Amino acid sequence: MQLAKQYIPNDYEPDIYALWETSDSFAPTGEGKPYSIVMPPPNANGNLHIGHALDMNLKDILIRYHRLKGDDAVFIPGADHAGFETWVVYEKELAKQGKSRFDFSREQLYSQVWNFVQEKRGNMELQLRALGTSASWKHLTFTLDDKVIQTVYDTFRQMWEDDLIYRGERIVNYCTVHQTSFADIEVEHKTEKGTLWKIAYPTLDKIGEIVVATTRPETMLGDVAVAVHPDDERYKKLIGTRILLPIIDREIPIIADEYVDMSYGTGAVKITPAHDPNDFEMAERHGLPIKSIISHDGKLINVPPQFLGLDPQEARRRILAALEAMELRRGESDIEHAVGHCYKCGTVIEPMVKEQWFIKMQPLAKPAIEALEKREITFHPASKRKELIAYLEQLKDWNISRQIPWGIPIPAFVNETDSNDWIFDTRVTEKRIVVNGTTYIREEDTFDTWFSSGQWPYIVTDYLNGGELAKYFPTSLMETGMDIMRAWVSRMIMLSLYRTGKLPFKDVYLHGMVNDEHNQKMSKSKGNVINPMELVSEFGSDATRMGIIAGRAPAQHQAFNRGAVIAARNFCNKLWNIARFVEAQIGDDHVIVPLQPQTPADHWIIRQLNDAANNVAVRLEQYRFSEAAETVYHAIWDDVADWYIESSKTAINRPLLSWVLATSLRITHPFAPFVTETIWQTLNYTDGILMRDSWPTPEQYDEIEAEQFERIKELVSEGRWVITELPGNKKYRLLYGNDSLVKENADTIKHLMRLASIEHTDQPRGLRLAAANREVWLDIDDETLYQHQTELEMRLAEARKRLEGLEARINNPSYAEKAPAHLVEETRQHITDQQALIQRLITELEVIKCN
């Protein structure tokens, strides 16, 4: 079967993926060293974005490499019910119908969302297939599968019994739009401009006052105290006295607490424990009451009638007006401060006191810290290990309650007559249960999704139950975005140590964010989101895979480079054309025989591909993905296509050509699986499926012969460059003296340099190719030589002028900061190229002057 003249990815990719899947090539073999990676489960009802493409690609490269290496490799897939994210999407669907969550029971809503997700879930999996993700689909785990729920319940029960779970009324991060709480780590903090207001709180006799500074005057109606630092000389005499809360005229105390920053504002702060986490902790230390004044829908409650039902912003306006009328405002100033927002809708998070389920984190964090300090997990980049330790050391208790119906219900019931009597029970489909004659009412909250996904590695491998994939736990690598290192990686480490006594993975590789071509974060609101499926459609999956990893370093946010995708597409076409040439040379009756290199080029290409295979393997073992891909690119484009294929045209070695192509396909496969498998399946001398073949093993060659070809390359490169600089467009004659290299390889040199002929001479003449340090000359007359020198001098002047302009551009701060990242990088490359050209021209002119 012959390869088509042109490689059109969309003509082959669907069939190739079907071949892999129907042949069960993604499943583990049970032979070799176990190697496993689990998929961070994408949102089941969502579409993939460019970050998913990078994420899945990095993992798939490793899985395909380890399969070829002979390891028992498995990529375990998953799909996420994405509790809050999915609920936000479904709430919009309800709104379109003129309904809300309150029109249905929890069971009805759960059923509706389940159907909604199942209808859309297949799209995500199809997109993963289009990207070439070689996941073992028969082992896919959905985060609401029975085994997930059962494991989550077992973990919750064990924590309950170990006194790590408690239900308490504590301050939580609350989104009043979606009406659910969040863990601290889920709050998106943004630096915003704000105002610091100074408000006078009168003494009981209304003769004196203490001035507090606050950014939230609307919460003062819930104040229970004013705090100062115990060492603040300004207020020492006031500590322990009482003052009047303005507007309400309620007596509140002045307390001393070391938390207060004497240098901030006036050094006196209002304490509103129901709506500020730091105030809440202060209130606990001093035994102060909690007064909630903002409801779950973001309206003021438990306040005077004129403020009742207002949203916080309107309440702020009216309270400031009232204070102005009472002559209690003492000025204001502009500030910048961090404000928490809902990461989904952007609403300002409202801290409020709510009864929730919490996990005590420090008992879980301690063994995780010990393991990290012992370097039992290797991080890439290494600096993230210390960062994670620092995070775990200050970790607060985790709020795992979510007020949404979509997710895993918390298996807890409360005594209908005793709100302090809670029991663990998994009969969550029943609203009421009776235990020993007592009726208990079901908890309506669901688990934070991170609680289930934090147990992902041992759930998907079914390690606790000794399932089919149990031997793949601990997994080999956790590759994920650095933005969820704290939210996910830390929790997997803690929960795995708690449930299994083992770390969940051996290595952690953290990739950065894929930004747009101006290195700006992608967002739908900006309209700069790049759809990976559009790239696959236009350039093919392989080009998308190779282009997206080009130039990438771990944990760095980097711009998307469309040019790299185009270069990768060209690479795939180059590999295709190499295969077409080899196929035409070896014919249909080719059989594999032992290699017998015959020419210096034969020995050289064996050495080059041996080194490439070894270097790619080393770089992938070290997670240097971009460098590994670059090695493949240059080995195929430069060594195979530009040099060996061309040199082989003067001395065809069919067995070696077939080996060169097969080796090229093997080392390229992890990066460009579709085009390599397509070629492999078309060749008549290859067996089976490439992705299940083997990584190349070194072949024998002669180093002296290989170095001989290096010298030929040096001579040819010099000759090609000089000929392109000569005036006119003709073939030249090469003269040589006492030079065995040229004599023994005349046909190859003539072909590669595109010469009219090669002749021996006893009388040197023309232009010597001195850079190659050989006794060889291009047969050029004096007039041509003079004209050549003149043009070189002109080119040197032009190159220096271009370099001056490029250096001025790159040294311009405005350009370096504002231009798209890929253009800045191109400018730097142009500078390097011009510097090399200038040096080359100078050298060539010196050669001419020495003639």
Completion exercise
residue 216 meets each of (1) in contact with a helix residue (DSSP H, G or I) (Cβ under 8 Å, 6 or more places away or on another chain); (2) buried (at least 20 other Cβ atoms within 10 Å of the Cβ) with one exception, condition (2)
Completion exercise
residue 557: passes all of (1) more than 21 Å from residue 644 (Cα to Cα); (2) out of contact with any strand residue (DSSP E or B) (no Cβ under 7 Å at 6 or more places or on another chain) but (2)
Handout entry: For residue 136: the one exception among (1) touching a helix residue (DSSP H, G or I) at 6+ places or on another chain (Cβ under 9 Å); (2) at pLDDT 90 or above
Key = (1)
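Find the residue count for region 581-602, including only residues that are in a loop (DSSP other than H, G, I, E, B) and within 19 Å of residue 747 (Cβ to Cβ). Give the derivation first.
Filtering region 581-602 down to residues in a loop (DSSP other than H, G, I, E, B) leaves 587-599.
If we keep only those that are within 19 Å of residue 747 (Cβ to Cβ) as well, we get 597-599.
So the answer is 3.
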Practice task
Looking at (1) surrounded by 14 or more Cβ atoms within 10 Å (Cβ to Cβ); (2) modelled with pLDDT of 90 or more, find the lone condition where residue 178 falls short.
Solution key: (2)
Exercise for the section: Test residue 509 against the stated conditions and say whether it is in contact with a strand residue (DSSP E or B) (Cβ under 9 Å, 6 or more places away or on another chain) and either part of a loop (DSSP other than H, G, I, E, B) or touching a residue at least 40 places away in the same chain (Cβ under 8 Å) (or both). Expected result: yes
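If I filter region 747-800 down to residues being part of a helix (DSSP H, G or I), of a type outside the set (A, V, I, L, M) and within 49 Å of the chain's Cα centre (by Cα), which single residue comes out as nearest to residue 648 (Cα to Cα)? Break it down into steps so the answer makes sense when it comes.
Taking region 747-800 and keeping what is part of a helix (DSSP H, G or I), we get 747-753, 770-772, 782-800.
Next, only the ones that are of a type outside the set (A, V, I, L, M) stay: 747-748, 750-751, 782-784, 786-791, 793, 795, 798, 800.
Now narrow it down to the ones that are within 49 Å of the chain's Cα centre (by Cα): 748, 751, 795, 798, 800.
Numbers: 748: 8, 751: 10, 795: 35, 798: 38, 800: 39 Å.
Checking each candidate, the answer is 748.
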Handout entry: Hits in region 718-733 (condition: among the small types (Gly, Ala, Ser) and either touching a Gly at 6+ places or on another chain (Cβ under 7 Å) or part of a helix (DSSP H, G or I) (or both))
Key = 719
Practice task
Looking at (1) under 30 Å from residue 380 (Cα atoms); (2) part of a loop (DSSP other than H, G, I, E, B); (3) aromatic (Phe, Trp, Tyr), find the lone condition where residue 7 falls short.
Solution key: (1)
Practice task
Scan region 444-464 residue by residue and report those that are surrounded by fewer than 24 Cβ atoms within 10 Å (Cβ to Cβ) and free of Cβ contacts under 8 Å to residues at least 60 places away in the same chain.
Solution key: 463
Handout entry: Count of residues meeting criterion [crowded, with 24+ Cβ neighbours inside 10 Å, over 21 Å from residue 175 (Cα atoms) and touching an Asp or Glu at 6+ places or on another chain (Cβ under 9 Å)] in region 271-286
Key = 1
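Taking the options 198, 206, 193, 237, name whichever one is surrounded by fewer than 14 Cβ atoms within 10 Å (Cβ to Cβ), in the same structural domain as residue 303 (by TED's automatic domain parsing) and part of a strand (DSSP E or B). Steps first, answer last, please.
Working: 198 fails: surrounded by fewer than 14 Cβ atoms within 10 Å (Cβ to Cβ); 206 fails: part of a strand (DSSP E or B); 237 fails: part of a strand (DSSP E or B).
From the options 198, 206, 193, 237, the qualifying one is 193.
In the set 475, 439, 461, which member is among the β-branched types (Val, Ile, Thr) and closer than 28 Å to residue 180 by Cβ? Before you say what the answer is, go through the steps one by one.
Numbers: 475 fails: closer than 28 Å to residue 180 by Cβ; 461 fails: closer than 28 Å to residue 180 by Cβ.
439 is the lone residue from the list that is among the β-branched types (Val, Ile, Thr) and closer than 28 Å to residue 180 by Cβ.
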Practice task
Report the residue count in region 127-146 for those that are under 21 Å from residue 451 (Cβ atoms) and either in contact with a strand residue (DSSP E or B) (Cβ under 7 Å, 6 or more places away or on another chain) or of a type in the set (S, T, N, Q) (or both).
Solution key: 4
Handout entry: Cβ pairs under 7 Å, 6+ apart, first in region 621-642 and within 17 Å of residue 664 (Cα to Cα), second outside any helix (DSSP H, G or I)
Key = 629/550; 629/671; 632/671
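Quick one: in region 240-270, of everything that is charged (D, E, K, R) and assigned to a loop (DSSP other than H, G, I, E, B), which residue is surrounded by the most Cβ atoms within 10 Å (Cβ to Cβ)? Outline the logic, then answer.
Taking region 240-270 as the starting set, the residues that turn out to be charged (D, E, K, R) are 242, 249-251, 257-258, 261, 270.
Within this subset, residues satisfying the condition of being assigned to a loop (DSSP other than H, G, I, E, B) are 249, 257-258, 261.
Values: 249: 10, 257: 18, 258: 10, 261: 10.
If we take residues in region 240-270 being charged (D, E, K, R) and assigned to a loop (DSSP other than H, G, I, E, B), then 257 is surrounded by the most Cβ atoms within 10 Å (Cβ to Cβ).
The values are calculated or read from the model by the stated rules, or taken from the named source; none is laboratory data. Just so we're clear, the structure is a prediction, and the values are computed from it rather than from any experiment. With ideal geometry, Cβ positions are generated from the backbone for all residues, glycine too; neighbour counts draw on all protein chains shown.
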